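See below for the structure under consideration.
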There are 2 protein chains.
Amino acid sequence: MPSDPQQNSLTTSSSKAGPDESFIVERIYKAVMEQRLAPNTKLSEARLCETFGVGRMRIRRVLLLLSSQGIIKLESNRGAYVACPDQSEANEVFAARMLIEPPLVRQLAQSAEDLDLTVLVDHIALEDTARRNKERTEIIRLSGEFHTKLAEATGNKFIFRMMRELVTRTSLIVGLFGSSENASCPDDEHSNILQAIQSQDPEQAERLLISHLEHIQSGLDMNARPDPQDDLAAILGSG
Amino acid sequence: MPSDPQQNSLTTSSSKAGPDESFIVERIYKAVMEQRLAPNTKLSEARLCETFGVGRMRIRRVLLLLSSQGIIKLESNRGAYVACPDQSEANEVFAARMLIEPPLVRQLAQSAEDLDLTVLVDHIALEDTARRNKERTEIIRLSGEFHTKLAEATGNKFIFRMMRELVTRTSLIVGLFGSSENASCPDDEHSNILQAIQSQDPEQAERLLISHLEHIQSGLDMNARPDPQDDLAAILGSG
DNA sequence: TTGACAAAGATTGTTAACAATACTTCGCTG
DNA sequence: CAGCGAAGTATTGTTAACAATCTTTGTCAA
């Protein structure tokens, strides 16, 4: 590969335009959620600049934001890498979810009559479709998003953000330690949880959610090394 | 005031050195926690560059990080302002704390025998001292930090970060809507909560915490306008 | 062959200049 | 005197060049 040692002015596009910051964040976020970007994959600035057709500044802001959300890890003078949770971090994520989600669904069930749960109903339909069509990345993403949407249903911005972060990390963990196929959530557990909420049965909803989380956690084997991807353009370009 | 319209090269210091990014973040964070930086106060880049003796780049990164934590608000082409929560956001913060903190202290009480709670004991001593000496900003900060340290005692990084964000916002809210003097937490409630935890009484700990949060919330009146500070150097310089 | 060392290449970190936007002040007009 | 508009000033956003660091490659000697 030739030199061009100072290729700051990338030949991609008019630079001033190009996608928004949050668009890029969402794009990478989604790729991580769908496990198309494996842990430890390097996200080099130049590569991302080319891919999204923006200047370095915007990319660096995006990387800083992603790192503040724990989605990537910034190493000084070395670059950005997709986060690679270890076992103890995995335990912490599940412990945090065990703390937050049970009271969350309990509260949802208690106030179910005042809430609009059609979003969740529709979501489960989407999950079913994806499962029928065996669309792997879709299944993975939708499985995580169900929990995010539970949090969203509370209408509380802070709870939503917390759960979103925990779910994203769970997705990374499942990608790392999950035994291939049962990686996503078991088939009808989401549906059962939602039904318990709709029937305004807090105890049952809480019980089902706890065992659901336990199922996910027990499906991990904690022996695995990641295999970083390389073709960022292909991965991030579509999606 | 004279022009010097392109004062990028600030005459402060050798620029390459200067304080670390996280140092500056912590400094501003602390000033907000202690209510020395009022909501809506503008944080201009140049001012911060002078104050901390660093280049614009580092300040801009700091501002982006602070905004991602919700401590400040970035407005396009206008600058950074200390966050100014409104009533609905205040309600969300307390709702989120009501969801998370009760199970948190319950869990602490359940596993109290395995934990080292001396940090919390020492902390309450600090609170007492500050109260005796009537050090207002210290009292405010320590009152918030007690809750942060409760979360820290779980040893769970995610729970810690969530609580830290919620406590910071609570501090902003109390500063905005709190009726002057009872702004901080009532005197001995922290001590009682800790005692319940130490006696491994989850029910009691949970009960006390809930009423504690209710006390804080009921001490707000929800009529108030902020008064932005101006002398950043004085506020951020010492601390 | 393997190990260490050195030079070259590539990537990230930083700075300074430039561009674009918002704010202020001053003057004008009704 | 109040309201409005325009020029000037200050502030933020962006770009390109430069500096520093890390990584790789190639060479030499044990």
Next item on the list: Could you sort B:55-62, B:95-102 so that the peptide with the highest average Cβ count within 10 Å comes first and the rest follow in order?
Entry: B:95-102, B:55-62
Check: Put a point 7 Å out from Cα along the line to Cβ at residue A:68; what are the distances to that point in the other copies, in nm, shortest first?
Finding: 0.6
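Where does the range B:34-124 land on Rg(C-alpha)/(2.2 N^0.38 Å)?
Against the compact-globule rule of thumb, the ratio is 1.53.
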Checklist line | lysines with Cα under 29 Å of residue A:30, excluding same-chain neighbours fewer than 8 positions away | finding: A:16, A:42, A:73, A:134, A:149, A:157, B:73, B:157
Notebook entry, point to check: Can you give the average number of partner chain beta-carbon atoms within 10 Å of each beta-carbon in peptide B:155-161, as a whole number?
Noted result: 6
Notebook entry, point to check: What residues of the range A:70-96 lie in the reach of a label at residue A:44, counting those whose backbone N is under 14 Å from a point 7 Å from the Cα along Cα→Cβ?
Noted result: A:78-81
Check: Between residue B:132 and the same site in the other copies, what are the distances in nm, shortest first, taking label points 7 Å from Cα along the C-beta direction?
Finding: 7.3
Margin query: Largest first and in whole Å, what are the equivalent-ellipsoid semi-axes of the range A:87-218 based on the Cα gyration tensor, each being the root of 5 times an eigenvalue?
Written below: 22, 18, 13
Notebook entry, point to check: Given A:98, A:147, A:174, which one lies farthest toward the positive end of the charge dipole of the range A:87-218, if we put +1 on the Cβ of every Lys and Arg and -1 on the Cβ of every Asp and Glu?
Noted result: A:174
Next item on the list: Every other copy gets compared here: list the nm distances from the residue B:111 label point (7 Å along Cα to Cβ) to its counterparts, shortest first, one decimal.
Entry: 2.9
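Each reported figure results from applying straightforward, stated rules to the coordinates on display, with no laboratory input. Computed from a predicted structure; not experimentally measured. Positions of Cβ are generated from backbone atoms using ideal geometry, with glycine treated the same way; all protein chains shown enter the neighbour counts.
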